[in-house]
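Accompanying notes for the structure given below.
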Amino acid sequence: MDIDIIRDYPTIESLRIKAKKNIPEFAFDYLDGGCNNEENLNRNIKDLKKIILEPRYLRNYKSSSTKKTLFGVEYDVPFGISPVGLQGLIWPNSSEILAKSALKNNIPFILSSVTTMDIEKTARLTDGNFWFQLYNPIDKNLRRDILKRAYDSGCKTLVILADVPTFGYRAKEIISGLSMPPKLTLKNILQILGKPHWALNTLIYGQPRFKNLSPYIKKNISMRQLGKFMDETFSGKINPDIIKPIREEWRGNLVLKGVSSVSDAKDAIKIGFDGIIVSNHGGRQLDAGNSSIKSLSKIVKHINKNKTEIMIDSGFRSGPDIARALAVGANFVFMGRPFMYGTAALGSKGGNHTISILKKQFQQIMDQLCCEKVDDLPSYISQ
């Protein structure tokens, strides 16, 4: 790793600041913003900081291992890359950068249905070691085809998104024209001209497109037609009747993402999910909702972790944040924004550097606590 990069960008926040300088305002607002007044976005971060850990300096401590097994796969660290829609809008080729970095660093990578890299390329870049998040199609034949593509490509874990029954009301995206259908404004054009490096890379890699959905979209349709296609083809609403055929068709692990309540967590296990990701969509959907860490603290009191994998995302920005979630009771942590800050800041070097920051920070806190195993972290929480 370039020593100048390590010195200049030692934290996720330093990458965020650089990313803001590198990309058009509309792209940064899409990445960084939340819904309504961004109260839940800020609550995610604020509530995490309230979790305090206590070291055990006088115990017979030898060394710490950051390895963690999830669905039978041993990863080097207990964190992975969350699905992010339209990654190529934020930084061209960022999906490919992050998929390669995930494989190199032995962490899980979740591909979104509506991002800018398709299932087949993801499989090639990750040697088939990826998860896929399904944005549920209304047409069952379309759903079956997407699931078959994912499974045939090597994907063994399918994630179903629960927390988008409707689009979040995001004022920054409305102002910038990134609502559906998106609109290119004079203001956006001027922003693009002001970020020549981003513009040049966009020319090299092409305009962001929903590449997973390319086989199902008519060629040369307008942005307005694309918006209509998305509205008519996909539904964010799910229920047991919708999930049942997916559970029957999918032969791998099934995970529900967007769980914020104890009742949904219990129902997910009854329906047949193998895992849940406690999440509020990074504060992008429900401003009046709980922070993800507060939802997690309630859920782990009522759910048997031997029956399901309990994971979490939304609001995590550092190694100590990861340790906090694991101490509260999560088995694994996923993050989206930190990795996108990394690629927007450093391009092709951003994925590896972001992972390196988080790895070093997490290893340091494990050593500082004198905690030998990830699964021991709950005993280090301050009561």
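The values are calculated or read from the model by the stated rules, or taken from the named source; none is laboratory data. On a predicted model such as this, the values are computed, not experimentally measured, just so you know. Positions of Cβ are generated from backbone atoms using ideal geometry, with glycine treated the same way; all protein chains shown enter the neighbour counts.
Observations, loosely collected:
- Test: residue 41 is in contact with a Gly (Cβ under 7 Å, 6 or more places away or on another chain), assigned to a helix (DSSP H, G or I) and more than 25 Å from residue 289 (Cα to Cα): no
- Residue list for the range 109-142, filter: within 21 Å of residue 276 (Cα to Cα) and in a helix (DSSP H, G or I): none
- The residue list 349, 301 contains one member that is surrounded by fewer than 19 Cβ atoms within 10 Å (Cβ to Cβ), of a type outside the set (Gly, Ala, Ser) and closer than 29 Å to residue 100 by Cβ, which is 349.
- Scanning the range 334-346 for residues that are over 16 Å from residue 321 (Cβ atoms), aliphatic (A, V, I, L, M) and buried (at least 24 other Cβ atoms within 10 Å of the Cβ) turns up 340, 344, 345.
- Only a single criterion out of (1) more than 17 Å from residue 312 (Cβ to Cβ); (2) in contact (Cβ under 8 Å) with a residue 24 or more places away in the chain is not satisfied by residue 263, namely (2).
- The residues on offer are 70, 86, 31, 58, and the sole one that is of a type in the set (A, V, I, L, M) and within 20 Å of residue 311 (Cβ to Cβ) is 70.
- Some residue of the range 7-24 being of a type in the set (Asp, Glu), modelled with pLDDT under 95, within 26 Å of residue 202 (Cα to Cα) and touching a Lys or Arg at 6+ places or on another chain (Cβ under 6 Å): no
Conditions (1) loosely packed, with under 14 Cβ neighbours inside 10 Å; (2) at pLDDT below 95; (3) polar (S, T, N, Q); (4) over 20 Å from residue 13 (Cα atoms), marked per residue:
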position: 52; (1), (2), (3), (4): yes, no, no, yes
position: 55; (1), (2), (3), (4): no, no, no, yes
position: 75; (1), (2), (3), (4): no, no, no, yes
position: 93; (1), (2), (3), (4): no, yes, yes, yes
position: 108; (1), (2), (3), (4): no, no, no, yes
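- Of all residues making up the range 176-206, the number that are over 22 Å from residue 345 (Cβ atoms) and either assigned to a loop (DSSP other than H, G, I, E, B) or modelled with pLDDT of 90 or more (or both): 8
- Residue in the range 221-234 that is of a type in the set (Val, Ile, Thr) and modelled with pLDDT of 90 or more present: no
- So residue 354, is it at pLDDT below 95, touching a Phe, Trp or Tyr at 6+ places or on another chain (Cβ under 8 Å), within 21 Å of residue 70 (Cβ to Cβ) and surrounded by 18 or more Cβ atoms within 10 Å (Cβ to Cβ): no
- Among residues of the range 52-70 that are of a type outside the set (Ser, Thr, Tyr), those with a Cβ under 6 angstrom from a residue that is surrounded by fewer than 11 Cβ atoms within 10 Å (Cβ to Cβ) and part of a loop (DSSP other than H, G, I, E, B), sequence gap 6+ or separate chain, pair up as 52/382; 54/382.
- Criterion violated by residue 289 - all others in (1) assigned to a helix (DSSP H, G or I); (2) farther than 21 Å from residue 131 by Cβ satisfied: (1)
- Selected residue [within 23 Å of residue 90 (Cα to Cα) and of a type in the set (S, T, N, Q)] from 291, 235, 260, 279: 279
- Residue match in the range 233-242 (condition: basic (Lys, Arg) and either outside any loop (DSSP other than H, G, I, E, B) or touching an Asp or Glu at 6+ places or on another chain (Cβ under 9 Å) (or both)): no
- Every residue from the range 60-108 that is over 22 Å from residue 209 (Cβ atoms) and in a strand (DSSP E or B): 68, 69, 70, 73, 74, 75, 79, 80
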